[in-house]
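Novice: The structure follows.
None of the figures in this text is laboratory data; all of them are computed from the coordinates on show. What you are looking at is a predicted structure, and each value in this text was computed from that prediction instead of being measured. We place every Cβ from the backbone using ideal geometry, glycine too, and count neighbours over all the protein chains shown.
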């Protein structure tokens with residue numbers, strides 16, 4: 001009786017990216033129709049113009065019941081596609097996956113939540129989408145509400161909730177899922193850190209109860225703390241399959257070139273989605289003489305260029321600065337009212353620049369991650385490992401006295417005063 | 001064995017029609033929740049709330065009464081024109097409202113489609129079925145008014161039940177069909193309400209069948225909404241019955257549209273999350 005909980009054989013997923021005849025990205029039917037007629041007039045029969053993109057290109061693995069497995073890899077490596085296939089949100093192009101047990105999928109926080117409905121109603125709604133029966137929700141209702149810490153606002157429409165409250169309630173429903181196989185995407189990346197820890201704790205309980213967990217994350221730390229085993233996907237294939245520790249070591253070892261500029265020229269293939277595509281990310285010291293080999297005494301500019309692909313696009317950029325080992329040092333959100341800070345912007349190419357003050361980062365290697373949110377907080381895109389650069393010690397600085405401990409070394413305001421005697 | 005029931009095989013093929021229907025049936029709790037959600041959202045934070053249910057057919061009937069009952073003086077099978085057109089509007093609304101909601105159901109709830117699994121058919125199905133409470137309320141309201149005006153429902157009132165079956169089948173089928181096409185061709189979203197508006201004139205909602213020139217009557221009776229509307233009106237107000245054959249035609253066409261809708265939906269369902 002030890003059939004694997006999940007068996008995946010030869011799973012592939014092809015996306016056909018339409019190369020529209022006019023060459024303009026996001027062109028509509030009218031443009032296509034016009035191009036079609038023009039081609040006919042020229043005596044050319046239109047050819048099917050598709051670019052194939054293999055998001056998954058033959059993946060095989062098995063997961064034993066009760067095992068927690070992490071999926072990691074760069075953007076576009078196929079980890080989210082794999083999770084979506086297992087969650088039955090998208091259908092594979094070929095291959096097969098067999099899942100034995102009741103499936104609970106958590107691809108986002110708050111699936112099924114509706115802003116106009118009250119917290120109480122949404123608990124039932126979200127529960128139903130996660131596959132809970134009404135009697136099961138009723139039986140766990142008090143537990144869910146207590147876990148969420150929002151019991152006072154149960155009869156308020158959730159659109160009046162703060163994003164923290166919203167997340168807490170939504171996660172609580174999900175955390176009380178009765179599933180044998182739990183498919184979890186990055187949902188833990190949101191919410192305040194205290195609640196995040198609570199969620200991680202809950203997830204840990206889940207794996208200890210002998211449930212099978214598939215966990216996709218950008219955070220190696222989270223993967224290591226939750227999962228014993230880890231799959232590293234690259235180019236739609238399993239690149240490495242091993243213990244979380246081994247994979248983490250190899251993963252960071254492999255991504256170790258310095259990069260202070262990365263850019264994409266084609267908004268069709270650049271990372272992003274239908275509303276947002278990243279064009280360019282760069283790091284340079286601020287000031288008159290810019291350099292990409294800054295010291296701790298330099299202020300840095302992180303510039304994010306992106307294409308907004310629709311009118312009145314309300315996007316918010318969050319930059320996460322991580323240590324070389326992938327531990328987040330801090331996250332910073334674009335200033336409200338600025339393009340990229342949540343105000344509605346038009347179609348076109350935009351730049352959002354984040355200034356990191358001098359005497360703030362510690363010396364050492366840093367990695368940059370970008371998160372893009374709809375509105376203010378609803379992160380829908382995480383782009384990993386965009387830049388990796390070194391901040392050097394400033395040995396010219398008279399106050400320099402060797403390497404300082406700590407993740408950052410901010411210069412803060414100190415004041416001295418005499419209190420007695 | 002329960003283990004077998006919970007084993008899920010994910011592969012590239014389309015599910016069979018039987019499988020599709022079985023999946024929907026086994027998710028009826030979610031269907032109920034979706035219907036509740038539809039209704040609840042629609043009237044959340046509106047000042048008149050559920051009163052809109054009645055207001056919509058009432059306003060339409062008032063407009064028809066003004067234009068056709070008083071200015072143009074259309075015949076109405078010998079009953080007050082206001083009653084006549086209100087009854088017509090109520091049963092027409094099953095299709096017009098239900099279709100309108102069902103046809104945008106997938107596009108509207110794209111987040112659900114890209115983030116969670118459930119039988120996709122539940123979306124157009126629940127949208128179409130969500131007009132049921134509207135139908136019940138606006139019908140119940142018609143009865144006392146009709147009684148006061150001297151037209152109490154007779155022994156044929158039970159015919160309401162067969163009268164609403166074809167409209168629902170038709171709505172679910174065409175709603176599922178158009179909803180799935182809406183994902184690829186968003187232009188349909190603009191065109192569909194327009195088509196519905198035109199269809200109301202090809203259906204005896206605001207006028208009685210016998211007003212139509214005899215040579216066109218047969219054609220009008222092929223419209224699958226004609227017989228149900230006449231039957232509905234007959235059940236409540238005692239106006240003439242539709243010919244029996246036209247009711248059979250209506251059932252037949254509606255059922256065929258339902259099957260067609262399910263069939264197309266089942267074939268394109270797998271690509272929804274890719275295109276939306």
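Novice: What is the average number of partner chain Cβ atoms found within 10 Å of a Cβ in A:125-132?
Specialist: Going residue by residue through A:125-132 and averaging, the value is 5.
Novice: Treat each spin label as a single point 7 Å out from the Cα along the C-beta direction, and report the residue A:240 to residue A:53 distance in nm.
Specialist: 2.6
Novice: From Cα pairs below 8 angstrom and at least 6 apart in sequence, can you work out the relative contact order of the range B:45-188, rounded to a whole percent? Mind showing how you got there, number by number?
Specialist: Numbers: 134 pairs, mean separation 45.3, N = 144.
Relative contact order for the range B:45-188 comes out at 31 percent.
Novice: To the nearest 500 deg cm²/dmol, what mean residue ellipticity at 222 nm is calculated for chain A from DSSP H runs of n ≥ 4 alone, each contributing -39,500 (n - 2.57), summed and divided by the residues?
Specialist: -7000 deg cm²/dmol
Novice: Using only alpha carbon pairs under 8 Å that are at least six residues apart, calculate the relative contact order of the range A:65-158 and give it in whole percent.
Specialist: Answer for the range A:65-158 is 24 percent.
Novice: Give me the distance in nm between label points sitting 7 Å out from Cα along the Cα-to-Cβ direction at residue B:44 and residue A:374, one decimal.
Specialist: A separation of 1.5 nm, rounded to one decimal place.
Novice: Report the calculated FRET efficiency for residue B:72 and residue A:274 (r = Cβ-Cβ distance, R0 = 56 Å), to the nearest 0.05.
Specialist: After rounding, the FRET efficiency stands at 0.70.
Novice: Going 7 Å from the Cα of residue B:111 in the Cα-to-Cβ direction, what parts of the range B:244-276 have a backbone nitrogen less than 13 Å from that spot?
Specialist: Answer for the range B:244-276: none.
Novice: Of all DSSP beta bridges located in the range A:55-254, what percent are antiparallel, nearest 5?
Specialist: Numbers: 7 of 24 bridges.
Just about 30 percent of them are antiparallel.
Novice: Between residue B:191 and residue A:353, what FRET efficiency follows from the Cβ-Cβ distance if R0 is 35 Å, with the result rounded to 0.05?
Specialist: 0.20
Novice: Within 10 Å of each Cβ in peptide B:6-16, how many partner chain Cβ atoms are there on average? Round it to a whole number, please.
Specialist: 6
Novice: A follow-up question, please. Let me check I have the definition right: for the range A:261-391, take the eigenvalues of the Cα gyration tensor, multiply each by 5, take square roots. What are those semi-axes in whole Å, largest first?
Specialist: In descending order the semi-axes read 25, 14, 14 Å.
Novice: Obtain the radius of gyration and the Kirkwood radius of the range B:116-197 from its C-alpha atoms and give Rg over Rh.
Specialist: Here the Rg-to-Rh quotient is 1.12.
Novice: Turning to a different aspect of this structure: Can you give the Rg to Rh ratio for the range B:219-276, taking only C-alpha atoms and Rh from Kirkwood? Show your work: numbers first, answer last.
Specialist: Values: Rg = 16.6 Å, Rh = 13.3 Å.
Result for the range B:219-276 is an Rg/Rh of 1.25.
Novice: For an R0 of 60 angstrom, estimate the FRET efficiency from the Cβ-Cβ distance between residue A:323 and residue B:55 and round to the nearest 0.05.
Specialist: 0.45
Novice: Given the protein assembly as shown, what percent of its DSSP beta bridges are antiparallel, to the nearest 5?
Specialist: Approximately 80 percent, going by the DSSP bridge assignments.
Novice: Where is the GNM fluctuation largest for chain A (alpha-carbon springs, 10 angstrom cutoff): A:162, A:225, A:94?
Specialist: Sorting by GNM fluctuation, first place goes to A:162.
Novice: Can you pull the one-decimal nm distance between simple spin-label points at residue A:420 and residue B:219, each 7 Å off the Cα toward Cβ?
Specialist: Spacing of the two 7 Å Cα→Cβ label points: 10.4 nm.
Novice: Of A:249, A:324, A:301, which is the most mobile in a GNM of chain A whose springs link Cα atoms less than 10 angstrom apart?
Specialist: Greatest mean-square fluctuation among the candidates belongs to A:249.
Novice: If I take every Cα pair under 8 Å that is 6 or more residues apart in chain A, average their sequence separation and divide by the length, what percent do I get for the relative contact order? Intermediate values should be presented prior to the final figure.
Specialist: Working: 869 pairs, mean separation 58.1, N = 421.
Across chain A, relative contact order equals 14 percent.
Novice: Highest mean first, what order results for A:412-420, B:69-77 on Cβ atoms within 10 Å?
Specialist: Descending mean neighbour count gives B:69-77, A:412-420.
Novice: So between residue A:409 and residue A:252, what do we pick up on full extension, going 0.36 nm a residue minus the alpha carbon distance?
Specialist: 54.2 nm
Novice: Ratio of Rg to Rh for the range A:196-305, alpha carbon only, Kirkwood?
Specialist: Answer for the range A:196-305: 1.08.
Novice: Which of these, A:83, A:317, A:154, has the largest mean-square fluctuation under a Gaussian network model of chain A (Cα springs below 10 Å)?
Specialist: With Cα springs under 10 Å in chain A, the top fluctuation among A:83, A:317, A:154 is at A:154.
Novice: Separate question: So if I restrict to the alpha-carbon atoms in the range B:23-275, what is the Rg, and what is Dmax, the biggest pairwise distance, in Å?
Specialist: Final numbers for Rg and Dmax: 18.6, 58 Å.
Novice: According to the Cα gyration tensor, what semi-axes, each the square root of 5 times an eigenvalue, does the equivalent ellipsoid of the range A:55-254 have, listed from largest to smallest in whole Å?
Specialist: Ellipsoid half-lengths, sorted descending, are 30, 18, 15 Å.
Novice: Let me ask something else about it. Angle between the Cα long axis of helix B:226-237 and the longest principal axis of chain B, 0 to 90 degrees, nearest 10?
Specialist: 60
Novice: How far is helix B:160-184 tilted, in degrees, relative to the longest principal axis of the Cα atoms in chain B, given as a value from 0 to 90 rounded to the nearest 10?
Specialist: That works out to roughly 50 degrees.
Novice: Using just the C-alpha positions of the protein assembly as shown as equal point scatterers, what log10 of I(q)/I(0) does the Debye formula give at each q in 0.08, 0.10, 0.11 1/Å?
Specialist: Here the Debye-derived log intensity ratios amount to -0.75, -1.07, -1.22.
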